[in-house]
1. Is it true that S128 is away from the ligand (no atom under 14 Å from the Cβ) and either at pLDDT below 95 or touching a helix residue (DSSP H, G or I) at 6+ places or on another chain (Cβ under 7 Å) (or both)?
2. Can you tell me which condition A71 does not meet? The list is (1) in a loop (DSSP other than H, G, I, E, B); (2) at negative phi; (3) within 12 Å of the ligand (Cβ to nearest atom), and all the others hold.
3. Looking only at segment 132-146, filter to residues that are in a helix (DSSP H, G or I), over 9 Å from the mean Cα position of the chain (by Cα) and crowded, with 24+ Cβ neighbours inside 10 Å; which one of those is nearest to the ligand (Cβ to nearest atom)?
4. Could you tell me how many of the residues in segment 231-249 are over 11 Å from W214 (Cβ atoms) and either at pLDDT below 95 or out of contact with any Ser or Thr (no Cβ under 6 Å at 6 or more places or on another chain) (or both)?
5. Give me the residue from segment 405-440 that is among the aliphatic types (A, V, I, L, M) and assigned to a helix (DSSP H, G or I) and, out of that set, surrounded by the most Cβ atoms within 10 Å (Cβ to Cβ).
6. Inspect all residues belonging to segment 57-67 and state whether any of them is near the ligand (Cβ under 9 Å from one of its atoms), touching a Lys or Arg at 6+ places or on another chain (Cβ under 6 Å) and assigned to a loop (DSSP other than H, G, I, E, B).
7. Within segment 283-303, does at least one residue satisfy the condition of being in the same structural domain as N230 (by TED's automatic domain parsing), at pLDDT below 95 and within 30 Å of N405 (Cβ to Cβ)?
8. Is it the case, given these coordinates, that G96 is surrounded by fewer than 19 Cβ atoms within 10 Å (Cβ to Cβ), outside the structural domain of D42 (by TED's automatic domain parsing) and either more than 17 Å from D83 (Cα to Cα) or in contact with a Pro (Cβ under 6 Å, 6 or more places away or on another chain) (or both)?
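The values are calculated or read from the model by the stated rules, or taken from the named source; none is laboratory data. Please read all numbers here as calculations on a predicted model, not as lab measurements. Quick reminder, even Gly has a Cβ in these numbers, built from the backbone with ideal geometry, and neighbours come from all protein chains shown.
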Amino acid sequence: MTQLTGRVLNAQSTGWDEARVGFAEWAPYNQNEPQVIVFCQDTQDVVNAINWARENKVPLRARSGRHNYEAYSSLNKGGIIIDVSEIDFIRAEQGGTTATVGAGLDMVTLVEGLNDVGVSFPTATGASVGLAGLTLGGGFGMTTRLWGMTCDSLAGVEIVTADGKVLNCSREQNADLFWACQGGGGGNFGIVTSFTFNTHPVGNVAIFSITWPWAGFEAVVDAWQKWAPNTDRRISCALMLLSTGQIKLYGQFTADDKDLPLIQQLLEPMLGSFPPIVVSISAVPFVVGARTFLRVDPLNPQWFVHAHDDEQIFKSTSAYVFEPLCANGIGTLKKYLENLPKLSCPPSQPSMVQLLGAGGAVRDIAIDATAVYAREADFIIQYDAYWTAPEDGKPTLDWVEQFRNEMTQWTKGAYVNYVDQRIPQYLQEYYGPNLPRLVEIKAKYDPQNLFSFPQGIPTSLP
Ligand SMILES: Cc1cc2nc3c(=O)[nH]c(=O)nc-3n(C[C@H](O)[C@H](O)[C@H](O)COP(=O)(O)OP(=O)(O)OC[C@H]3O[C@@H](n4cnc5c(N)ncnc54)[C@H](O)[C@@H]3O)c2cc1C
């Protein structure tokens, strides 16, 4: 019988509560009490944990940064969580073109470590988001339109499969599994221990933030949706529509020093769309831009744009938009943001919608070249709803569900990294035309469905 190795914790261990909660204490994770959690230190610990779970018929979940919106990286009594967050090495050389990194890195450690050798690849804007979940589901951030999604920079993956085998995957080796790891979603095919990424040298960037009053809603949204997916691909950005009545554009221009001044001109269509209240544009080193969007630069609090602090309860969901919204679609966004449910207790953050610009390098890749199918989308709508008092949960969840549903006349699909248990046809929405191939690969590498969880990929088509 296989023995568990690594840092093995159970309910009697010191640190059990911290080990089992999610990134936010309120998340459904803290209702979950697995039998054991293994913090793997290396690939062999992962092999042992998978073999142990299989031999003992114990359900398992893979875990990295614990940011899954529906806590699918956790599970209830009797199961084992196989956590890779302590596999967090970075192997990269100054001026090199690839980096091999542990699957458990968080964004801050990753960005800083890569910066030490003057490189980067597409990362997220959530500081404690785990690299494994991010990459396996796609990955959007402030370099997406220039370098593609996180999964697009992958050159190799080391993964432990259901039979306890360690497989190296790339375009040449186990190519089908490699393809599935590029957007097929975390937790489905095995447990990834490390990734090899193609990297890009970094220098300076321009970061920008523009705020408009609510009166500019229609003009700004319309200008943004035509500009953001089609402008110079060195610009990646998001438009926040806050229910408190503000509109904020934030983003990054990743260009050579000589081109950085072009940013003023490139932003003209947005600056001219409606008179802004505040405009900030700064040239900073790449790592300072990254820290800013990760909200870890104390010198620049005015840039702290990313939502979801660890105390605030939220529900997020998503949909892709493939053509500019008509006036009615823009009006529907405004209608819902102006008609929030009446809450007994105000949350610390306002509910909002964020529009995440796509196009550029995302669109260069064919729909079937990776598991990410929504290559032609112009942008993602990210719906973010917040509440505090337990009794405010249901009305807020119903509001965001109704909002998303009404918008589906202009949207298609959903981003698998924003899992939402209220999406009925979730497999179709997350994977579109790539679903049959993902199911085939699942059946080949995990025929017993050892890696199963709600909304997981099944071994046969439903
Ligand atoms: C505050 C916040 C900010 C975010 N910001 C961004 C952003 O800027 N861009 C973006 O694209 N997304 C963002 N997301 C969404 C994020 O990409 C997903 O939630 C992602 O799945 C989180 O991965 P994780 O490793 O942190 O989570 P986990 O909960 O640990 O894992 C997520 C999924 O992957 C599986 N998994 C974990 N580790 C492994 C492994 N080693 N091998 C195989 N499967 C594994 C889990 O079982 C689970 O199904 C954000 C989410 C939050 C909560």
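1. Spelling it out, it is not the case that S128 is away from the ligand (no atom under 14 Å from the Cβ) and either at pLDDT below 95 or touching a helix residue (DSSP H, G or I) at 6+ places or on another chain (Cβ under 7 Å) (or both).
2. (2)
3. A132
4. 9
5. Going through the qualifying residues, I end up with V416.
6. no
7. No.
8. Numbers: surrounded by fewer than 19 Cβ atoms within 10 Å (Cβ to Cβ): yes; outside the structural domain of D42 (by TED's automatic domain parsing): yes; either more than 17 Å from D83 (Cα to Cα) or in contact with a Pro (Cβ under 6 Å, 6 or more places away or on another chain) (or both): yes.
Judged against the criteria, G96 is a match.
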